[in-house]
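This report refers to the structure that appears directly beneath it.
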Amino acid sequence: MRRSALALLLGSISLPALAETLGDTLVAAYRNSHLLEQERAVLRARDEDVASAMAALRPVLDWALNHNFNQFKGSGLTNTTNTTTTSLTASMTLYDFGRSQAAIDAAKETVLAARYALLGVEQDVLLTAVQAFMEVREAAEQVELQGNSTRVLSQELQAAQDRFDVGEITVTDVAQASAQLAASRAALTAAEGNLQVAYENYAAATGARPKGLSAPPPLPSRPATLAAAQAAAQKSHPAILQASRLVAAAELGVAAAAAQRNPVLTGSVVGEADKDGGTRAAMGVQIKKTLYAGGRLSAVHRKAMADRDQSRSVLLNISRQVNQAVGIAWANIDVARAQIGAIDQQISAAQQAYNGVREEATLGARTTLDVLDAEQSLLEARANKITAEANLQLAHYQLLAAMGLLTVKDLKLGIPTYDPSAYYNAVRDAPYTSRQGESLDRVMRALGKGN
């Protein structure tokens, strides 16, 4: 499925004043989602892991102020000394046989995984918004349908009462019409309640209740075959891409664990001064290797390999789940289309039957109950079509989400989106507080405005 085809989904159409399109709903959901804000913060935390790993290869500068009081007593003498020294120590790992570099590369893979996790949350947010939009549309149409049914049944009850007054029907017919009207009013109340629930779900998804919703846009196209859709999903679904990066990070974790058995070469420089003006300087190089750690290094290595095996299994399982989701959405589309075709035939037949029964009732050949039953059959068919049409719309967007194509970029909503690389580029080299820190503050303010 070509991504460019998605541009047709949310095209502009002639709309009533204040009506919100599906595109408007998706934009509101993206801009007002606190879940996205949460996941962006998680991503920024992963960005800082890269900075922390980078810092391990840089010098560490320590400052210390020491004051010592010593007193010696013996042979009738007391000797007291006070020493105050200031020291400055710089130390740096010169070579660790790839341990730190493996940690840096693993942190970078984790950052990429977090970016795909953010993309997955974006899809969830947008799909929830689509579902809320469809629920409001469906609930509103059900209210309108039940309202029309109530009005028709009120007329039927009045007609039954008139016919009873002139002796054409019995009181039982009037009671049947009255009972059907009461049931219709109860159904209308339930439909109105469902509409209020749908409004609340919409507000939770977008940040505000809708002022009015326009008709959904044309249905998005889908690939020619289910196999093609599943193949596209394997390449673009964020959950698969995230799991792939976590596998890469786990592989690097194994390498880092193995490298812990290697020596570490460090260098240090120490400068010291006391209160009397005396100074001391020292410089040294140290190579250190752990010979025995009680089995800890072996355990760390085995744990890293187990984590790698787990991440591989997770990737395979997610791949299977994505194929399943694509298949389910595909089947739901076919089912909804078939239902709509069958329901259209049902509505046509039910309308014809209702018209005929009502005409026969005026001639005395049918009872009031026959008319009410025919009207109820027609009502149920129309209500089922409303539900089937909403299911068809939702299933198409569920298919897009299952393929990894339900994003602001793929839908071409035309709004600024969060740039996950901006913060990473600002912190990846572990900037210190100064001009670089000021630049980082500006990036943070820009990210806050651009969400």
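Here are some notes:
- Within straight-line reach of K289, meaning a Cα separation under 30 Å, sit the following lysines at least 8 residues removed in sequence or on another chain: K108, K303.
- Restricted to Cα atoms, region 265-422 shows a radius of gyration and a Dmax of 36.9, 124 angstrom.
- Relative protection proxy for 194-207, 161-174, 269-282, from highest mean packing down: 194-207, 161-174, 269-282 (other beta-carbon atoms within 10 angstrom).
- For the chain, the longest principal axis of the C-alpha atoms and the axis of helix 99-165 are separated by about 20°.
- From phi via Karplus (6.51, -1.76, 1.60), per-residue ³J(HN,Hα) for region 244-259 in Hz, x at Gly/Pro: 5, 5, 5, 5, 4, 5, 5, 4, 5, x, 5, 5, 5, 5, 5, 6
- Those aspartates and glutamates that a straight Cα-Cα span of less than 20 Å connects to K235, excepting residues fewer than 8 apart in one chain: E109, E122, D124, D410
- For region 135-283, the convex hull spanned by the alpha carbon atoms encloses 374 Å³ per residue.
- Residue among F164, A204, T150 farthest towards the positive dipole end of region 128-206, charges placed on Cβ: A204
- Förster-model FRET efficiency, 51 Å R0, Q234 and R185, C-beta, rounded to 0.05: 0.45
- Size of charge dipole - the chain - debye, nearest 20, with Cβ of Lys, Arg +1 and Asp, Glu -1, no other charges: 2820
- Comparing the chain with the 2.2 N^0.38 Å rule of thumb, its C-alpha radius of gyration ratio is 1.60 (two decimals).
- Spin-label pair D419-L35: with each label point 7 Å from Cα along the Cα-Cβ axis, the two points sit 2.7 nm from one another.
- Peptides 115-126, 69-80, 255-266 ordered by average Cβ neighbours within 10 Å, highest first: 115-126, 255-266, 69-80
- R261/V42 FRET efficiency (R0 30 Å; Cβ-Cβ; nearest 0.05): 0.35
A short reminder: the numbers here are calculations on the coordinates, not readings from a lab. What you are looking at is a predicted structure, and each value in this text was computed from that prediction instead of being measured. Ideal geometry is used to build each Cβ from the backbone, glycine not excepted, and the neighbour counts take in all protein chains shown.
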